[in-house]
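Visitor: Got a structure for you, questions after.
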Amino acid sequence: MPSAETTPRVWLLGSSMWSSVTAAQEGLPYAFAHFFSGQGTREAITHYQRSFVPSAELQKPEAMIAIGAIVAPTQEEADHLHASVRLLQRRIRQDDRRPVATPEEALRELNVPPAVPRQPWPVLAGAIDQPETEYPRYVVGTPAKVRDELLRIARELELRELIVNTITHSHEARKRSYSLLAEAFEL
């Protein structure tokens, strides 16, 4: 085990109001898993910021969201790559845990109406292909477009930083997405 002069900071990562309430009550930094579930992001962050109780570790609320992003040189290529994660999200809601499909495979499968999920997952109206909420779970596009949208979301939610999650079939496409985004932010 490597030695370190300090211990890692503990963050509470969640995708529900329970995690928001708990992080605020315990005085912990809070990250909302928006890419996983975009439902209630603003409410969770706002509750955390307004209800935060200072602790020995943290005197002021510190929040961020984990959001998906796919960046490519053109909007068309980014949309093409995004098909893989769109299918992955559909499959997860159907309790189908196959690996991430290529964009071509995903586009073929997305054009077929989804099957009803196996139990124990309940089927609710709109549950198979969930529409986006206030903010997209994945911001998809050119470097400038994605940068501007991430900055807008961070500004509206009063966040100083974001966690960016990129899911693509190709590791090279994922690395290129991160590189293009880093360049857009001049990192």
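The values are calculated or read from the model by the stated rules, or taken from the named source; none is laboratory data. Predicted model only: the values in this text are computed from it and were never measured. Virtual Cβ from ideal backbone geometry, glycine too; neighbours counted across all protein chains shown. The accessibility values were calculated without ligands, DNA or RNA, using every heavy atom of the protein model including side chains. Shrake-Rupley method; radii C 1.70, N 1.55, O 1.52, S 1.80 Å.
Visitor: Working from Cα positions, state the angle (0 to 90°, nearest 10) between the long axis of helix 143-156 and the longest principal axis of the chain.
Guide: 40 degrees
Visitor: Just GLU149, GLU62, GLU105 to compare: in a GNM of the chain, with alpha carbon springs under 10 Å, which one fluctuates most?
Guide: Maximum among the listed residues: GLU105.
Visitor: Note the full-extension length gain between GLN39 and SER170 as 0.36 nm times their separation in residues minus their Cα-Cα distance, in nm to one decimal.
Guide: Stretched out fully, the GLN39 to SER170 stretch lengthens by 44.4 nm.
Visitor: Can I ask one more? Can you give me the % of accessible surface on the chain that is carbon or sulfur? Probe 1.4 Å, all protein chains present, nothing else counted.
Guide: 57 percent
Visitor: Sticking with this one: Just want the answer: with Cβ charges of +1 for Lys and Arg and -1 for Asp and Glu, which residue in ALA69, ALA24, PHE52 is farthest toward the dipole's positive end in region 1-72?
Guide: Going by the Cα projections, it comes out as ALA69.
Visitor: Taking loop as defined by DSSP and a crowding limit of 10 other beta carbons within 10 Å, which trypsin sites (Lys or Arg not before Pro) in region 1-80 fit?
Guide: The qualifying sites are ARG9.
Visitor: On a 0 to 90° scale, report how tilted helix 171-184 is relative to the longest principal axis of the chain, with both axes built from alpha carbons and the result rounded to the nearest 10.
Guide: Compared with the principal axis, the helix lies near 50 degrees.
Visitor: About its Cα centre, how strong a charge dipole does the chain have in debye, to the nearest 20, once Lys and Arg get +1 and Asp and Glu get -1 at the Cβ?
Guide: 320 debye
Visitor: Calculate, for the chain, the solvent-accessible area per residue in square angstrom, rolling a 1.4 angstrom probe over the heavy atoms of the protein chains.
Guide: Heavy-atom accessible area per residue stands at 59 Å².
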